[in-house]
Amino acid sequence: MTTGLFFAANLLFCLAYVVRDMACLRAITIIAAFCTLPYFYFQATPLYSAMGWQGMFIAINAFNLTVLLLQRRPVLLDQRQSWLHQHTFRMLPPREMLKILHLSISQHCEAGETLVQQGEQLDRLILILDGAAQVHADGVHRASLQPGDLVGEMSFVTGDPASADVIASEPLDYLIWYRRDLETLYERSPGLKDAMQNVIGADMAQKLTRYPPFYSDIEDTRWKSGRREK
């Protein structure tokens with residue numbers, strides 16, 4: 001019987017190398033390792049060293065399997081998080097979005113307060129939660145921002161000075177991300193940087209649809225500036 005279990009274990013090891021899902025691979029490997037233990041124990045002289053190594057392999061795979069299963073747990077979002085995922089972060093998996101939101105700082109301002117000043121060098125990214133803001137370039141109203149919109153994203157990405165003032169037109173709740181915090185997160189999760197660039201790009205595309213003259217002028221100015229620098 002022990003010999004049969006040992007052969008079964010080797011078949012399971014072969015199966016583990018065939019499957020592509022990492023959780024299945026680790027689960028099958030754990031079962032296979034358990035099947036070898038009776039064979040090693042019931043030898044004329046029990047092979048305790050072999051059993052010890054198999055026990056170590058079982059522990060390592062069990063730990064990594066637990067981590068994988070925890071990462072695959074369904075993510076429960078509250079009402080606001082669900083709204084943000086639908087309107088702003090739909091290009092991010094919910095778990096990745098929560099990593100981004102964890103770094104944000106909630107802020108509030110009253111009507112008439114300035115969120116971004118034209119010519120300012122921005123080290124922060126802003127997202128409107130509730131309320132509205134107006135965009136003024138050289139004193140001329142050019143666009144309106146609403147909940148779910150990012151603020152100052154062009155300057156944040158390019159490093160250029162802000163091209164317009166952004167002023168709250170009513171009491172405003174918003175989130176702030178500082179560049180240093182996001183860069184630290186990107187170092188730990190490099191894929192998040194590209195994902196956030198996609199989020200920012202989608203936000204800019206929506207604004208271009210709503211206010212084509214203003215945002216087209218800004219994009220044209222950025223492009224020409226880049227050409228001159230080259």
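Among the chymotrypsin sites (Phe, Trp or Tyr not before Pro) in segment 1-106, those placed in a DSSP loop whose Cβ has at most 13 other Cβ atoms within 10 Å are Phe42. The trypsin sites (Lys or Arg not before Pro) of segment 50-114 that meet both conditions, a loop assignment by DSSP and at most 15 other Cβ atoms within 10 Å of the site Cβ, are Arg72, Arg90. The separation of segment 136-204 from segment 74-116, counted between C-alpha centres, amounts to 12 Å. Put simply, the convex hull of the Cα atoms in the chain casts, on average, a shadow of 18.1 nm².
Could you sort 21-30, 125-134 so that the peptide with the highest average Cβ count within 10 Å comes first and the rest follow in order? Kindly include the intermediate steps, with their values, before the conclusion.
Working: 21-30: 17.3, 125-134: 20.0.
Ranking, from highest mean packing down: 125-134, 21-30.
Between the residues Gly119, Ala133, Pro93, the greatest Cα displacement towards the positive end of the dipole of segment 80-135, with unit charges on the Cβ of Lys, Arg, Asp and Glu, is found for Pro93. Relative to the Cα centre, the charge distribution of the chain, modelled as +1 at Lys and Arg Cβ and -1 at Asp and Glu Cβ, gives a dipole magnitude of about 1160 debye. Scanning the chain for DSSP H helices at least 20 Å long along the axis (C-alpha atoms) with a Kyte-Doolittle mean no lower than 0.0 picks out 2-18, 22-41, 48-71.
Relative contact order for the chain using alpha-carbon pairs under 8 Å, separation at least 6, rounded to a whole percent? Please list the in-between numbers first.
On the way: 308 pairs, mean separation 38.2, N = 230.
Relative contact order, the chain: 17 percent.
Since every read-out is calculated from the coordinates, none of them should be taken as a lab result. No experiment lies behind these values; they were computed from the predicted model shown. So basically every Cβ, Gly included, is an ideal-geometry build from the backbone, and we count neighbours across all protein chains shown.
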